[in-house]
Amino acid sequence: MTAHIRHSGRVIARREITPHMVRVTIGDIRIGDEAPTLGIRADEFFAISVPVPSGEPVHRYYTARAWRAEAGELDIDLMLHGEGPATEWAARAAIGDQVAFDQPRGHYAPPEDATWIALSGDATALPAIGRILEERTARAAPPIHVVISVEDPADRQELPLRAGDTLRWVDADQLVPETLALTETTLPGYLWFAGEASDMRRVRHHLRRELTWPTHRWMTMGYWRRDRERWLARYEAAGEAFHRRLADVYSSDEDDETQTDRAEELYAQQGLL
């Protein structure tokens, strides 16, 4: 996915949410040739270009935790985990830091006939899950069942639940089984999952191949990879023909899930799954 940085702003606030998550507020937002369409999807994300002490800014993808249109302010929750330029910036983000971001896009869209909604993921999914719960406005909205894994119990957050909602904090190895257990019903619903790429593939395979649910009843996203550096090295070394075929897949007119199926076939051929 190529980032087309269009908009810019500066850090106007920073505060710690939990020991491993900080909230950075971007203000003084200046739009490019197209106004940012923030507020369309509750799980919307974008590429952010963040400053690096030495070298060119880096692009990383983050969820818009909150968008206050009247104030022109954007909140982004950043995980403090592992290594890398974006994590390092999250730890030291300071008032006045200049950032830029591209056009937001998101996928959360439960069908109107859903009698239940499931939101599942690891700590990286918390910003989207929190916003989805906060922006739920319909009084007759179906109950939401939430399953989240965090490495440190101190990183658990208070989430706005309603009567009928459920919330389970689970260990990492239980995230996928607990997510799949939510699908053991004949009632029409909607499942949203985001987290590590291999976990995402297990959930996606169950929904698409085993249950054969129609794609409007689920959405899965891989936010990160456990073996990211090794995978990136192998990805970059895969060769021009592979990258050209992958680009052809994502530029086709096929729906997102068909594109993903075809892309995974190419990844598997290169040993990248």
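Derivation of every value follows stated rules applied to the coordinates shown; laboratory data play no part. Remember, it's a predicted structure, so these values are computed and weren't measured experimentally. As a convention, Cβ positions derive from the backbone with ideal geometry for all residues, glycine included, and neighbour counts pool all protein chains shown.
The table below gives the values:
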quantity: Neighbour-count ranking [beta-carbon atoms within 10 angstrom, fewest first] of E16, E158; calculated: E158, E16
quantity: 5 Å binning of all Cα-Cα separations within the range 35-78, expressed as whole percents from 0 upward; calculated: 5, 19, 27, 22, 14, 8, 4, 0
quantity: Computed magnitude of the charge dipole of the chain (debye, nearest 20; Cβ of K, R +1, Cβ of D, E -1); calculated: 240 debye
quantity: Convex hull of Cα atoms in the range 7-101, direction-averaged projection (nm²); calculated: 6.1 nm²
quantity: Separation between Cα centres of the range 101-121 and the range 142-169, rounded to whole Å; calculated: 16 Å
quantity: Equivalent ellipsoid dimensions for the range 138-192 as semi-axes, Å, which come from the Cα gyration tensor, largest first; calculated: 21, 17, 7
quantity: Farthest positive-ward along the range 117-226 dipole, Cα basis, beta-carbon charges - from W224, L211, A125; calculated: L211
quantity: Normalised per residue, the volume of the convex hull around the Cα set of the chain (Å³); calculated: 147 Å³
quantity: Kirkwood Rh in Å, taken over the range 157-273 so that all alpha-carbon pairs contribute; calculated: 16.3 Å
quantity: Radius ratio Rg over Rh of the range 227-273, counting only Cα atoms, Kirkwood formula for Rh; calculated: 0.99
quantity: Over 24 Å [Cα-Cα, the range 117-226], rounded percent; calculated: 19 percent
quantity: D (Stokes-Einstein, µm²/s), Kirkwood Cα radius, the range 45-204, 1.567 mPa s at 4 °C; calculated: 75 µm²/s
quantity: Gain upon complete extension [H216, R15; 0.36 nm per residue less C-alpha separation]; calculated: 68.7 nm
